[in-house]
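Right, one structure below, let's go through it.
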Amino acid sequence: MVDKVETAAVLGAGVMGTGIAAHLAGAGIRVHLLDIVPPDLKEAGPEAGKQRDRFARDALKKALAAKPAPFFDPDAARLITPGNLEDHLDRIRTCDLVIEAIVEDLGVKKALYERIAPFLPEHALLASNTSGLSIKEMSGVVPEGIATRFLVMHFFNPPRYMHLLEVIPSPTTSPAALARAVEIGEFLGKGVVYGKDTPNFIANRIGIHGLMLAMHGMKEANLTIEEVDKIAGPPMGRPRTGAFQLADLVGIDVIAHVAKNCYDNLPHDEARALFKLPEWVNDLIREKRFGRKTGAGFYKKQGSEILVLDLETGDYRPQKKVRFDSIAATKNIDDPGQRLKAFIAADDPAGRFAWKILAGSLVYSARRIGEIADDIVQIDRGMRWGFGWELGPFEAWDAIGVVESTERMKAEGLEVPTEITQMLETGRKSFYDGPLHERDFYAPETKRAVRVKLDPREINLAALKEQRTKVVAKNLGASLLDLDDGCLCLEVHTKMNTIDDDVVKMLRTAITEAEKNFEALVIGNQGEHFGAGANLMLIYMNAQQKQWTQIDAAVTALQKTLQSMRYARVPVVAAPFQYTFGGCAEIAMAADACQAWAETYMGLVEVGAGLIPAGGGCLRMVERWTGDVQDLEGVDILPFIGQGSLNIALAKVSTSAEEAKKQRYLSPTDGISLNHDRLLYEAKQRALGLARAGYRPPRPRIIKAAGLDVAKTIEMRVWGMREGGYASEHDALIAGKVLHILCGGTVAAGTMLTEQDYLDLEREAFISLCGEEKTQKRMESLLMTNKPLRN
């Protein structure tokens, strides 16, 4: 076990340095954020000290106001102590890790390293966040005694949200220091790849090359910016930002800097000329149109409309509707490999352009094996984790067929790298082979297959499903998988992991199976989200057809199933992540505990569809907001009910797992995982820990109702919002039903109610709202446009 980091220093309070400091603080690490003393300092007297720290203090203030937020919880900023690089270097004596994030100038870095050397503890790592300088040159200016503990830890911006961390050792970095840096990165939730000392390392080298292919090739292909973005997005397994929206987001000046670094420092790169920006992009840079941060770049927001740059006129114009048959044909293909294969085979402008930039990127990536990384696994992971590609270059090559695609490349005059032809000559037809739990990859250097190293703390559900003995039960909506060690897992696999009858049935089966043959149950999946709620289409169709009995049966089934889960004889742990909405939030809240990923966006959002939570969500809000004061005499319960009702009535969604605790979607004792890859493993450990610590199910609660008077009091506030134009009449109707449920119905304050009483109120309100025309219009809007309707 590598030593933990308790205290760190970040040197440089720019955007990147402050973002790293915020992420470290979010992981519970005390941080000293140090920057230079302002050169224009004139302040004297008592405030002089603070003024000397002004750059770091101002950076921290900006971080607290930034969107997207660099902190999981703004309260974590208390762990960051601002300072300066003249008065506070002695603080480094207490640090386990020092990250340098200053200007990309070797001389300036050398001077800083010499100054901090006397203060750096013998056990501490010194890491640079550089992406543009050679680690070999940098290690040459690091003082003696530090060189074995010096390396690059290259975070991607913004550090909280970007999964990738590139770790690059210097020629003098010790194996122990490298292992410690990797362990620290994984603790911080990062996907770590091992890079080599080359300009821009792995992800930026391949990613910027791909962007340059698009920039230089689009005019010949007679494509517009918005067309390229549609092509270089989901149809190719890339993020929705495409190429140019991504550049605007990152900053065109940053893209230019990375491209120039490649051009200046890669004299023997066969694609060197490609890294020279087209003149029309240089024009944007000269005019300081850098993208979103300056208000204009390839796109420009004008009022509520997003305009796009017209390459012919140089002016901005409204975006044109992008229509290509090949893109339309990919929309219903979920598998990214099959989608990509179908797209590049299409004989229309989009398909041909996609093939051209993909083929160029694949060939370029193949020639980088051994140069930027030792193996293809590091390159694939770097592109998935750093640029959000669904498939890395070699995974994508496998998906489209290595044999067929290389023949097409040769037929079109594209030179296929020797490493690829040699692989095919051995009889091997793919870069990866074998089942997921014992997968191997091709290593060109040795012309042999090498086993992919797996993290023992990562559970791969797809790999388990390949081993048929691990599948306990399955239907169209969900599967039960044996996680070993006496732990069962319920995996939902509907579209967006929504809840339907199949999911509810499998959840009932999971409870029965776990109680009979297992020690614990985990509810989790490895899709894009934990779950987007109930299947709204089924509810809408039944409401349109006035099938009230079917709606009643569906709600009753969900309530009974979640209650049986709540009081199961084995512990149940949910592992929420990303979207955890509506009914899926209710599943998580009904579990004994949650092990949530730090990036969990959780909320009871049914109001957006004109409905209320009816799977126990209202009941859980009552329990969690009033539970601590239920037995206290003389405590006014109104503020607590008020907070719970606001969560539901305003459809509040947490921006992190930490905020979900404050909103009480998660309980104070629920766990939070920084590393998404280890979420299911940690949920399993939590579930087994409960099981082996003498687990007993909780007793059903008797709840002291807030009563009708509290409901009427809060309803007066709702009336005021309606009269002031802040809420519609239908909003007020829904809010009234929420309050009716949370306060226990038409009962006096202090009336003792069972959980079933609250569930009955939920069900009645839900069915009633399904009959409202305006609720049906809200459901229709979400289903047809994916946008909420305020009516």
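The values are calculated or read from the model by the stated rules, or taken from the named source; none is laboratory data. From a predicted model like this one, the values you see are computed outputs, not experimental measurements. Note that each Cβ is placed from the backbone with ideal geometry, even for glycine, and that neighbours are counted across all protein chains shown. Heavy atoms of the whole protein, side chains included, go into the accessibility calculation; ligands, DNA and RNA do not. Shrake-Rupley method; radii C 1.70, N 1.55, O 1.52, S 1.80 Å.
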Problem set entry | Positions within region 493-534 being assigned to a strand (DSSP E or B) and either of a type in the set (Phe, Trp, Tyr) or open to solvent by 30 Å² or more (accessible area, probe 1.4 Å) (or both), in sequence order | Ala534
Exercise. Looking at Ile672, is it within 24 Å of His529 (Cβ to Cβ) and of a type in the set (Val, Ile, Thr)?
Worked result: yes
Exercise. Looking at (1) part of a loop (DSSP other than H, G, I, E, B); (2) closer than 25 Å to Glu395 by Cβ, which is the one condition that is false for Asp197?
Worked result: (2)
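Please go through region 718-755 and give me each residue that is in a helix (DSSP H, G or I) and either free of Cβ contacts under 8 Å to residues at least 12 places away in the same chain or more than 23 Å from Gly617 (Cβ to Cβ) (or both), ordered by number.
If the condition is that a residue be in a helix (DSSP H, G or I) and either free of Cβ contacts under 8 Å to residues at least 12 places away in the same chain or more than 23 Å from Gly617 (Cβ to Cβ) (or both), then Trp719, Gly720, Met721, Arg722, Glu723, Glu729 are the ones that fit.
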Seminar exercise, completed: Filter region 200-235 for residues that are charged (D, E, K, R) and part of a loop (DSSP other than H, G, I, E, B); the one that is most open to solvent (accessible area, probe 1.4 Å) is Glu220
Problem set entry | Matching residues in region 640-661 - criterion: being assigned to a helix (DSSP H, G or I), in contact (Cβ under 8 Å) with a residue 60 or more places away in the chain and over 22 Å from Thr713 (Cα atoms) | Ala657, Glu658, Glu659, Ala660
For this session: List every residue pair whose Cβ atoms sit under 6 Å apart, with the two residues 6 or more apart in sequence or on different chains, where the first one lies in region 63-79 and is closer than 17 Å to Asn157 by Cβ and the second, anywhere, is assigned to a helix (DSSP H, G or I) and among the β-branched types (Val, Ile, Thr).
Result: Ala63/Thr18
Seminar exercise, completed: Checked region 130-155 for anything open to solvent by less than 20 Å² (accessible area, probe 1.4 Å) and either in a strand (DSSP E or B) or modelled with pLDDT of 95 or more (or both); matches are Phe150, Leu151, Val152, Met153, His154, Phe155
For this session: Report the residue count in region 400-413 for those that are assigned to a helix (DSSP H, G or I), open to solvent by 10 Å² or more (accessible area, probe 1.4 Å) and small (Gly, Ala, Ser).
Result: 1
For this session: Please tell me if Arg686 is open to solvent by 60 Å² or more (accessible area, probe 1.4 Å), closer than 30 Å to Asp485 by Cα, in a helix (DSSP H, G or I) and not aromatic (Phe, Trp, Tyr).
Result: yes
Exercise. Condition test on Glu519, is it out of contact with any helix residue (DSSP H, G or I) (no Cβ under 7 Å at 6 or more places or on another chain), under 17 Å from Leu688 (Cα atoms) and touching a residue at least 40 places away in the same chain (Cβ under 8 Å)?
Worked result: no
For this session: Could you check Ser430 against (1) touching a His at 6+ places or on another chain (Cβ under 8 Å); (2) surrounded by 15 or more Cβ atoms within 10 Å (Cβ to Cβ); (3) not in a helix (DSSP H, G or I) and say which number it fails?
Result: (1)
Exercise. Does Ala181 meet the test of being buried (at least 20 other Cβ atoms within 10 Å of the Cβ), of a type in the set (A, V, I, L, M), assigned to a helix (DSSP H, G or I) and modelled with pLDDT of 95 or more?
Worked result: yes
Problem set entry | Whichever residue in region 236-266 is basic (Lys, Arg) and in a loop (DSSP other than H, G, I, E, B) and, among such residues, is surrounded by the most Cβ atoms within 10 Å (Cβ to Cβ) | Arg238
Exercise. Can you name the number of the only condition in (1) touching a residue at least 12 places away in the same chain (Cβ under 8 Å); (2) under 20 Å from Leu759 (Cα atoms) that Asp677 fails?
Worked result: (2)
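Okay, residues lined up against (1) touching a Lys or Arg at 6+ places or on another chain (Cβ under 8 Å); (2) open to solvent by 10 Å² or more (accessible area, probe 1.4 Å); (3) at positive phi; (4) in a loop (DSSP other than H, G, I, E, B):
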position: Leu24; (1), (2), (3), (4): no, no, no, no
position: His32; (1), (2), (3), (4): yes, yes, no, no
position: Lys50; (1), (2), (3), (4): yes, yes, no, no
position: Leu64; (1), (2), (3), (4): no, yes, no, no
position: Ala69; (1), (2), (3), (4): yes, yes, no, yes
position: Arg93; (1), (2), (3), (4): no, yes, no, no
position: Ile102; (1), (2), (3), (4): yes, yes, no, yes
position: Val108; (1), (2), (3), (4): no, yes, no, no
Exercise. Quick one: in region 382-399, which of the residues that are assigned to a helix (DSSP H, G or I) and open to solvent by less than 10 Å² (accessible area, probe 1.4 Å) is farthest from Glu419 (Cα to Cα)?
Worked result: Gly386
Exercise. Which residue, of Gln338, Gln302, is open to solvent by 40 Å² or more (accessible area, probe 1.4 Å) and touching a residue at least 40 places away in the same chain (Cβ under 8 Å)?
Worked result: Gln338
Seminar exercise, completed: For region 610-639, the count of residues that are open to solvent by less than 10 Å² (accessible area, probe 1.4 Å) and either part of a helix (DSSP H, G or I) or without any contact (Cβ under 8 Å) to a residue 24 or more places away in the chain (or both) equals 7
Seminar exercise, completed: Checked against (1) buried (at least 22 other Cβ atoms within 10 Å of the Cβ); (2) modelled with pLDDT under 95, Thr418 satisfies every condition except (1)
Exercise. Considering only region 434-492, how many residues are part of a loop (DSSP other than H, G, I, E, B), of a type in the set (S, T, N, Q) and either in contact with a Leu (Cβ under 7 Å, 6 or more places away or on another chain) or open to solvent by 60 Å² or more (accessible area, probe 1.4 Å) (or both)?
Worked result: 2
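Each row is one residue, and each column tells you yes or no for (1) in contact with a helix residue (DSSP H, G or I) (Cβ under 6 Å, 6 or more places away or on another chain); (2) of a type in the set (S, T, N, Q); (3) modelled with pLDDT under 95.
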| residue | (1), (2), (3) |
| --- | --- |
| Ala553 | no, no, no |
| Leu562 | yes, no, no |
| Arg569 | yes, no, no |
| Gly627 | no, no, yes |
| Gln630 | no, yes, yes |
Exercise. On the given criteria, is Asp325 buried (at least 20 other Cβ atoms within 10 Å of the Cβ), without any contact (Cβ under 8 Å) to a residue 40 or more places away in the chain and within 24 Å of Ala359 (Cβ to Cβ)?
Worked result: no
Exercise. Wholly within region 283-348, which strands (runs of 3 or more DSSP E) include no fewer than the required count, namely at least 1 residues that are within 23 Å of Pro68 (Cα to Cα)?
Worked result: 299-302, 305-309
Exercise. Does Glu762 satisfy the criteria of being touching a residue at least 60 places away in the same chain (Cβ under 8 Å), acidic (Asp, Glu) and more than 30 Å from Leu488 (Cα to Cα)?
Worked result: yes
For this session: Only residues that are small (Gly, Ala, Ser), in contact with a Ser or Thr (Cβ under 8 Å, 6 or more places away or on another chain) and either open to solvent by 10 Å² or more (accessible area, probe 1.4 Å) or part of a helix (DSSP H, G or I) (or both): list them for region 594-609, please.
Result: Ala609
For this session: Tell me, please, whether a residue that is part of a helix (DSSP H, G or I), open to solvent by less than 70 Å² (accessible area, probe 1.4 Å) and closer than 26 Å to Ala532 by Cβ can be found in region 703-715.
Result: no
